[in-house]
């Protein structure tokens, strides 16, 4: 009896995704990071919420709704064939460009939200278009790379479309202004182009030109100049610190006071108002204070494990698009985490990048969980199950 005839005569026949060992391990790592993130967020934000006349659980409760939405997105993306995102790449990119444009247009102040002088949110902070745009770059770039094939080694027909589209997206991010996100868009594209077979000479040419343009724009931005100047001058060590230098100084105080094992959960002092954005851009400082070197080391190892598993999944991907998408998702998640941790301990100037799964921000949380679901799907094999008894997707293959 062939498989088709067998499927017709046996009730309950269906297809399912069977997760690999790497995909299952990735789920566990993600669950640990999300759970740890909720706990740390409560400690980092409770006093901030109370000072704003809200309940102490205000931020963590809002984040929990993001976890629920993200869990649904994770489950859906883990079950949807990752190659379907290839067909949706242009619509997602088009929607991202539209939303990024809307947020900076004059007259849209009623639906956009300004935070520290940067217009990054829509609908009272419920949607951050740059997060969708990040996903658009991750999906659109591999799609076009696979479509062009060997032509990507040509300058005009090969690389120019990437530069034009991602360049427009980066320009819109700069106009918010959010130079860190613009640089992240370009970096994701550069990594995928390098892996996808672009000429190194072309890669370096556009890389240098892109960095010069972004550097020029950054030099025109007052807040970026302050951050870079403060970092290069070690302003956090000065007795007359600016607000930027003081934020970095308070991060040092938090991490330093944590020592090896930390001062204990919810026993830190920096989130009492000393450290600005302790629940967001500098939540790693709270981890360092309350859980010490062991806490920061543990979360670093967790993201390193996430990266190792993600790249193993990319290596065993069944299609070129799936492999490139897995590399992009893994890179952006781990890179963002390590940049955040580098800022916290003073290795890098403040970039405004959050810690995935941990920092407050529902758009980023939902997107990161959805992307992890896509990684799990790429690390799974589709198989046909015969009969009603075989229902466990983690179980052994049917005979």
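Would you confirm whether any residue within the stretch 312-319 is crowded, with 24+ Cβ neighbours inside 10 Å, under 20 Å from the mean Cα position of the chain (by Cα) and under 30 Å from residue 88 (Cα atoms)?
First, the residues of the stretch 312-319 that are crowded, with 24+ Cβ neighbours inside 10 Å: 313.
If we keep only those that are under 20 Å from the mean Cα position of the chain (by Cα) as well, we get 313.
Among the residues that remain, those that are also under 30 Å from residue 88 (Cα atoms) are: 313.
Looking through the stretch 312-319, at least one residue is crowded, with 24+ Cβ neighbours inside 10 Å, under 20 Å from the mean Cα position of the chain (by Cα) and under 30 Å from residue 88 (Cα atoms).
Has the stretch 94-104 got at least one residue that is under 23 Å from residue 363 (Cα atoms), within 19 Å of the chain's Cα centre (by Cα), at pLDDT below 95 and not in a helix (DSSP H, G or I)?
no
Tally the residues that are out of contact with any strand residue (DSSP E or B) (no Cβ under 8 Å at 6 or more places or on another chain), in a loop (DSSP other than H, G, I, E, B) and closer than 26 Å to residue 138 by Cα, restricting the search to the stretch 53-83. Working first, answer last.
Step one: filter the stretch 53-83 for residues out of contact with any strand residue (DSSP E or B) (no Cβ under 8 Å at 6 or more places or on another chain), giving 53-77, 80, 82-83.
Within this subset, residues satisfying the condition of being in a loop (DSSP other than H, G, I, E, B) are 53-57, 80, 82-83.
From the residues that got through so far, the ones that are closer than 26 Å to residue 138 by Cα too are 80, 82-83.
Going through the stretch 53-83 one residue at a time, the tally reaches 3.
When you go through (1) assigned to a loop (DSSP other than H, G, I, E, B); (2) modelled with pLDDT under 90; (3) in contact with a helix residue (DSSP H, G or I) (Cβ under 8 Å, 6 or more places away or on another chain); (4) surrounded by 14 or more Cβ atoms within 10 Å (Cβ to Cβ) one by one for residue 394, which number turns out not to apply?
It is condition (4) that residue 394 fails.
Out of the stretch 288-319, which residues are over 18 Å from residue 355 (Cα atoms), in contact (Cβ under 8 Å) with a residue 40 or more places away in the chain and part of a helix (DSSP H, G or I)?
309, 312, 313, 314 - these are the residues of the stretch 288-319 that are over 18 Å from residue 355 (Cα atoms), in contact (Cβ under 8 Å) with a residue 40 or more places away in the chain and part of a helix (DSSP H, G or I).
Residue by residue through the stretch 2-23, note down the ones that are surrounded by 15 or more Cβ atoms within 10 Å (Cβ to Cβ) and modelled with pLDDT of 80 or more. Show your work before the answer.
Initially, the stretch 2-23 is screened for residues surrounded by 15 or more Cβ atoms within 10 Å (Cβ to Cβ), giving 7, 13, 16-20, 22-23.
Within the stretch 2-23, 18, 19, 20, 22, 23 qualify.
Give the number of residues within the stretch 49-65 that are surrounded by 21 or more Cβ atoms within 10 Å (Cβ to Cβ) and in contact (Cβ under 8 Å) with a residue 40 or more places away in the chain.
Qualifying residue count, the stretch 49-65: 2.
Please tell me if residue 195 is at pLDDT 85 or above, closer than 11 Å to residue 138 by Cα and touching a helix residue (DSSP H, G or I) at 6+ places or on another chain (Cβ under 7 Å).
On the way: at pLDDT 85 or above: yes; closer than 11 Å to residue 138 by Cα: no; touching a helix residue (DSSP H, G or I) at 6+ places or on another chain (Cβ under 7 Å): yes.
For residue 195, the condition - at pLDDT 85 or above, closer than 11 Å to residue 138 by Cα and touching a helix residue (DSSP H, G or I) at 6+ places or on another chain (Cβ under 7 Å) - is not met.
The values are calculated or read from the model by the stated rules, or taken from the named source; none is laboratory data. Everything quoted here is computed from the prediction, not taken from an experiment. In this analysis, Cβ positions are derived from the backbone assuming ideal geometry, glycine residues included, and neighbour counts consider all displayed protein chains.
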